[in-house]
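For reference, the structure is listed below as structure tokens.
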Amino acid sequence: MTPTELVPLGEVFRILQRLAVLKGGTLPELSETVYTGDGRAIGYVSDIFGKIDSFYIVVRLTSDDVEVKLGERLYLKGKTGLPSNLVTS
């Protein structure tokens with residue numbers, strides 16, 4: 001997978017065991033696969049919460065070996081979600 005196929009999902013806001021909470025940038029669908037900037041699949045979208053214009057995304061990491069850092073950007077593959085500024089209520 002090339003970096004041009006990746007769409008920014010959001011930045012890691014909190015890390016809790018095998019969960020990463022992201023400040024959302026793109027509204028994903030539940031169960032979508034989440035990738036690092038180098039194209040490694042690390043988990044999937046397990047929940048979305050918050051206001052429609054300021055939401056958070058919970059990513060369940062699929063392995064104990066996966067490490068993410070606060071502030072790290074995570075991605076979706078291709079154009080799957082909607083940018084948060086295009087979401088209507």
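Any residue in the stretch 20-27 that is loosely packed, with under 12 Cβ neighbours inside 10 Å, closer than 22 Å to GLY78 by Cβ, in contact (Cβ under 8 Å) with a residue 12 or more places away in the chain and not charged (D, E, K, R)? No: zero hits. Would you check which residues across the stretch 34-74 are hydrophobic (A, V, I, L, M, F, W, C), within 18 Å of ARG14 (Cβ to Cβ) and surrounded by 12 or more Cβ atoms within 10 Å (Cβ to Cβ) and list them? The answer is VAL34, ILE42, VAL45, ILE48, PHE55, ILE57, VAL58, VAL59, LEU61, VAL66, VAL68, LEU74. Among residues of the stretch 39-55 that are touching a residue at least 12 places away in the same chain (Cβ under 8 Å), those with a beta-carbon under 6 Å from a residue that is surrounded by 14 or more Cβ atoms within 10 Å (Cβ to Cβ) and among the polar types (S, T, N, Q) at least six positions away or on a different chain give the pairs ALA41/THR33; ILE42/THR36; GLY43/THR62; TYR44/THR33. Determine if the stretch 57-75 includes at least one residue that is of a type in the set (Asp, Glu), within 9 Å of the chain's Cα centre (by Cα) and modelled with pLDDT of 95 or more. No, every residue in the stretch 57-75 fails to be of a type in the set (Asp, Glu), within 9 Å of the chain's Cα centre (by Cα) and modelled with pLDDT of 95 or more. Within the option set GLY37, GLY10, being more than 24 Å from ILE52 (Cβ to Cβ) and either in a loop (DSSP other than H, G, I, E, B) or not acidic (Asp, Glu) (or both) holds for one residue only, GLY37.
The values are calculated or read from the model by the stated rules, or taken from the named source; none is laboratory data. Nothing here was measured: the structure is a model prediction, and the numbers come from that model. Positions of Cβ are generated from backbone atoms using ideal geometry, with glycine treated the same way; all protein chains shown enter the neighbour counts.
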